[in-house]
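Report on the following structure.
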Amino acid sequence: MTAKPDTASMEIWVLADLRSERLFGQSLNILAKAHELAKGVEGRAAAVVTSAAGQGVSEQAGSMEPDLAVEEAVDQCMAYGADVVYRLEHSALMGLRTDAVGAALARAVEMRSPDLVLVPLTDFGREVASRAARMNDAGLIADCADLKVEQGRVLATCPAWGGQIMAEIGFTDDQRTGFATVQTHICEAKKARGEPGRVERISIEELTIPSGMVLLSRCPEAAEHRKLEDAEVVVVGGAGVGNNEGFGMVRQLAAALGAEVGATR
């Protein structure tokens, strides 16, 4: 259990994804939301970055590194609303494996007991959040489309029943740290210098990493497989096209426009 001290003001953490500039930009979007929520309750927003112990990512060698240097990420987090940046350090964090990051995040939460931890809604983020929440015996709200704080309680708006309705979800125990995976376009990143804008290193010790798993490689997603949320133009087809042959016209139009293909539910 991760209990919060009664006298502490609300602190909202955002896990920064350093695997690429695009993913980090999405993290800054969520940080903007955390900044907005924190200021509304006289709390503070914190960004969490990970790195190998005692050195910046830019100084390390090997193809398993994050694409964004830790020092650069820290500076941008402070410029975009982080009142404090927690830099989690452990040698196992160099490759950004979900099991290592999840365990490190869980240990940091044990040590600092934030009110809320927001994680970008990606495959990586889903796994990290679920691992950390389980290790902390904490609640996890998934797929948040919006967040608000009412009377000291965090409430999230999430799609339910296949997206047919939007449900408002909260945590049953407000005295524990809560976790949430958040849609990456929940807000637009905004420059807002954090106060006081300090960096705090947290050396993660006694970190147990599951054995038997090895990260072999990683590579950027091919351009032809861009995510819909990043596409400038999307051509969408639905039941009206009739069949797969009819949907082929949707693909042809998308190809002619240089667009991505989408489908209705």
Dividing the helical contributions, -39500 (n - 2.57) per DSSP H run of n ≥ 4, by the residues of the chain yields a 222 nm value, nearest 500 deg cm²/dmol, of -9000 deg cm²/dmol
Taking the DSSP beta bridges in the range 128-265 as the whole, what percent of them are antiparallel, to the nearest 5?
-> 60 percent
To the nearest µm²/s, what D does Stokes-Einstein give for the chain at 25 °C and 0.890 mPa s, using the Kirkwood radius over alpha carbon pairs as Rh?
-> 125 µm²/s
Span-like helices, the chain: DSSP H, alpha-carbon axial extent 24 Å or more, mean Kyte-Doolittle -1.0 or greater, which ones?
-> 21-40
Just ALA129, ALA38, ALA239 to compare: in a GNM of the chain, with alpha carbon springs under 10 Å, which one fluctuates most?
-> ALA239
Within the range 97-204, list the GluC sites (Glu not before Pro) lying in a DSSP loop whose Cβ has at most 10 other Cβ atoms in a 10 Å radius.
-> GLU188
Send over a whole-number figure in Å² for the accessible area per residue of the chain, probe 1.4 Å.
-> 51 Å²
Bin all alpha-carbon pair distances of the range 137-191 at 5 Å intervals from 0 and give each bin's fraction as a whole percent.
-> 4, 18, 27, 24, 16, 8, 2, 0
Among DSSP beta bridges lying fully in the chain, give the percent that are antiparallel, nearest 5.
-> 25 percent
When the charge dipole of the chain is computed with +1 at the Cβ of Lys and Arg and -1 at the Cβ of Asp and Glu, the Cα pointing farthest to the positive end, of ALA92, ALA104, ALA34, is that of ALA34
Given springs between every Cα pair under 10 Å in a Gaussian network model of the chain, which of MET78, MET166, MET135 has the largest fluctuation?
-> MET166
With 5 Å bins from zero, work out the P(r) of the range 67-112 over every alpha carbon pair and list the percent per bin.
-> 5, 19, 24, 24, 23, 6
Beyond 17 Å, the calculated P(r) of the range 110-162 holds a percent of Cα-Cα pairs equal to 43 percent
Heavy-atom accessible area with a 1.4 angstrom probe orders TRP161, TRP13, most exposed first, as TRP161, TRP13
Pop out the carbon and sulfur fraction of the accessible area of the chain as a percent, whole number, probe 1.4 Å.
-> 49 percent
Over the chain, what is the mean sequence separation of C-alpha contacts under 8 Å (at least six apart), divided by residue count, expressed as relative contact order in percent?
-> 22 percent
In cubic angstrom, how much convex hull volume per residue do the alpha carbon atoms of the range 76-228 span?
-> 164 Å³
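The values are calculated or read from the model by the stated rules, or taken from the named source; none is laboratory data. Owing to the predicted nature of the structure, the values given are computational and were not obtained by experimental measurement. Cβ sites come from the backbone with ideal geometry, for glycine too, and all protein chains shown count toward neighbours. Surface accessibility is based on the protein's heavy atoms, side chains included, excluding ligands, DNA and RNA. Shrake-Rupley method; radii C 1.70, N 1.55, O 1.52, S 1.80 Å.
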